[in-house]
Amino acid sequence: MEWASYSFVVRGRTRRKVLMALEKPKTPSQISSELKLSTTHISRALKEFSDRNLVRCLTPEEKFGRVYELTEKGKELFSKLKETTSV
């Protein structure tokens, strides 16, 4: 477990919610609708997660409707969050 990434995610309520919403691959719009948060906030969180190798884009060639999923590192963090916190 990379504790710096864990700390980064749990410090932000939006980041925590976005990560937990990615139990299966989704688009930013799907996450936005599900969490009732702006797409801007979702996109920012996904960019931060991508920079930390927690998510990857499955459709990088698409301009709209990109699909994101958790990396192995992201899945490990997801599991740890699921057992230790409530969203």
Can you pull out the residues in region 51-71 that are closer than 17 Å to E2 by Cβ and either surrounded by 15 or more Cβ atoms within 10 Å (Cβ to Cβ) or of a type in the set (D, E) (or both)?
-> D51, R52, L54, V55, R56, L70, T71
Say we look at region 56-72 and pick out the residues that are among the acidic types (D, E) and outside any loop (DSSP other than H, G, I, E, B); which of these is nearest to the chain's Cα centre (by Cα)?
-> E69
Enumeration of residues in region 3-29 that are surrounded by fewer than 17 Cβ atoms within 10 Å (Cβ to Cβ) and of a type in the set (S, T, N, Q) = S7, T14, S29
For the subset of region 15-51 comprising residues that are touching a Lys or Arg at 6+ places or on another chain (Cβ under 8 Å) and of a type outside the set (D, E), which member is nearest to L81 (Cα to Cα)?
-> M20
Restricting the first residue to region 19-31 and requiring it to be free of Cβ contacts under 8 Å to residues at least 60 places away in the same chain, which pairs with a second residue that is charged (D, E, K, R) and outside any loop (DSSP other than H, G, I, E, B) meet a Cβ separation below 7 Å and a spacing of at least six or different chains?
-> A21/E34; L22/E69; P25/E69
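Could you look through region 36-55, keep only residues that are small (G, A, S) and assigned to a helix (DSSP H, G or I), and pick out the one that is farthest from G12 (Cα to Cα)? If you could, list the steps in order and put the result at the bottom.
Going through region 36-55, the residues small (G, A, S) turn out to be 38, 43, 45, 50.
This time we only want the ones that are assigned to a helix (DSSP H, G or I), so: 43, 45, 50.
Values: S43: 14, A45: 10, S50: 16 Å.
Among residues in region 36-55 that are small (G, A, S) and assigned to a helix (DSSP H, G or I), the one farthest from G12 (Cα to Cα) is S50.
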Scan region 1-21 and give yes if some residue there is on the phi < 0 side of the Ramachandran plot, at pLDDT 95 or above, among the hydrophobic types (A, V, I, L, M, F, W, C) and part of a loop (DSSP other than H, G, I, E, B), otherwise no.
-> no
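The values are calculated or read from the model by the stated rules, or taken from the named source; none is laboratory data. Nothing here was measured: the structure is a model prediction, and the numbers come from that model. Positions of Cβ are backbone-derived with ideal geometry, glycine not excepted, and every protein chain shown enters the neighbour counts.
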